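One structure is given below, encoded as structure tokens.
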Amino acid sequence: MPTPLAFHDLQGGRPPWDTGAPQPALLALTKAGELRGRVLDIGCGTGEHTLMAAAAGLDATGIDLAAGALEAGARKALERGLSARFLRHDALRLSGLGEHFDTALDSLLLHALDPAARAGYLSEVRAVLRPGGRLHVLCYSDRHTGDPGLPHKMSRAELESCFTTGWDLESLQATTCATNLHPGGAAAWLATCRRT
């Protein structure tokens with residue numbers, strides 16, 4: 001199955017989610033000290049969340065399949081004087097990293113996966129998170145009604161159902177997601193889950 005991150009390689013413009021800044025909901029978590037230890041940014045794109053974690057003094061690694069996006073992230077790290085790692089790696093095979101992390105970030109990846117692939121993906125996330133480690137997931141919400149419409153919208157119940165085995169869903173809140181197409185933001189969910 002092609003990864004949705006292949007859109008990073010399209011010519012002539014940025015994908016809607018590449019706003020050139022961290023998502024406000026994830027930035028708020030960072031400012032509140034909710035990101036800890038070694039941070040893995042899954043499907044990092046051009047690295048804004050990886051760099052957000054690095055700027056907070058954390059050991060930050062971003063992974064993606066799009067070479068161009070990873071190169072952009074590495075350039076931004078150099079320009080900003082930040083230390084962060086960018087690796088070309090498949091989000092569906094995280095255990096192949098052979099590393100463990102304390103925090104994982106998923107900004108708009110989980111919802112883009114086929115429902116049948118989500119359980120396997122989350123199993124891979126569990127494999128690289130230390131027990132008690134947290135996964136923060138930002139995804140589009142079915143509450144979004146404006147134009148343009150959003151792909152891959154999830155209901156609250158659908159998102160909750162992803163975390164019934166091996167996870168403690170600590171919080172699930174309605175929020176907004178910044179995009180290049182929605183001046184007021186798009187309806188989203190922010191979930192925080194602890195690996196059991």
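The values are calculated or read from the model by the stated rules, or taken from the named source; none is laboratory data. The model shown is predicted, which means the values in this text are computed figures rather than measured ones. When we count neighbours, we look across all protein chains shown, and the Cβ atoms used for this are built from the backbone with ideal geometry, even at glycine.
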* Please verify whether the stretch 122-137 includes one or more residues that are modelled with pLDDT under 95, charged (D, E, K, R) and either under 15 Å from the mean Cα position of the chain (by Cα) or closer than 20 Å to A187 by Cβ (or both). => no
* Asked: Exactly one of (1) surrounded by 14 or more Cβ atoms within 10 Å (Cβ to Cβ); (2) not in a loop (DSSP other than H, G, I, E, B) is unmet by H144. Its number?
  -> (2)
* Can you tell me how many residues in the stretch 1-30 are among the aliphatic types (A, V, I, L, M), surrounded by 17 or more Cβ atoms within 10 Å (Cβ to Cβ) and at pLDDT below 70? -> 1
* Might you let me know whether the stretch 104-114 holds any residue that is out of contact with any helix residue (DSSP H, G or I) (no Cβ under 7 Å at 6 or more places or on another chain), surrounded by fewer than 17 Cβ atoms within 10 Å (Cβ to Cβ) and modelled with pLDDT under 95? => yes
* For the subset of the stretch 89-99 comprising residues that are under 15 Å from the mean Cα position of the chain (by Cα) and not in a helix (DSSP H, G or I), which member is surrounded by the fewest Cβ atoms within 10 Å (Cβ to Cβ)? -> D90
* To do: Scan the stretch 100-125 for residues that are in contact with a strand residue (DSSP E or B) (Cβ under 8 Å, 6 or more places away or on another chain) and outside any helix (DSSP H, G or I) and jot them down.
  => H100, F101, D102, T103, A104, L105, D106, S107, L108, L109
* In this structure, does A119 turn out to be out of contact with any Asp or Glu (no Cβ under 6 Å at 6 or more places or on another chain), surrounded by fewer than 20 Cβ atoms within 10 Å (Cβ to Cβ), within 18 Å of A191 (Cβ to Cβ) and in contact (Cβ under 8 Å) with a residue 12 or more places away in the chain? -> yes
* Of the criteria (1) surrounded by fewer than 18 Cβ atoms within 10 Å (Cβ to Cβ); (2) assigned to a strand (DSSP E or B), which one R134 fails -> (1)
* Structure fact -> Checked the stretch 31-59 for anything in contact (Cβ under 8 Å) with a residue 60 or more places away in the chain and either surrounded by fewer than 19 Cβ atoms within 10 Å (Cβ to Cβ) or touching a Lys or Arg at 6+ places or on another chain (Cβ under 9 Å) (or both); matches are E34, L35, R36, G37, R38
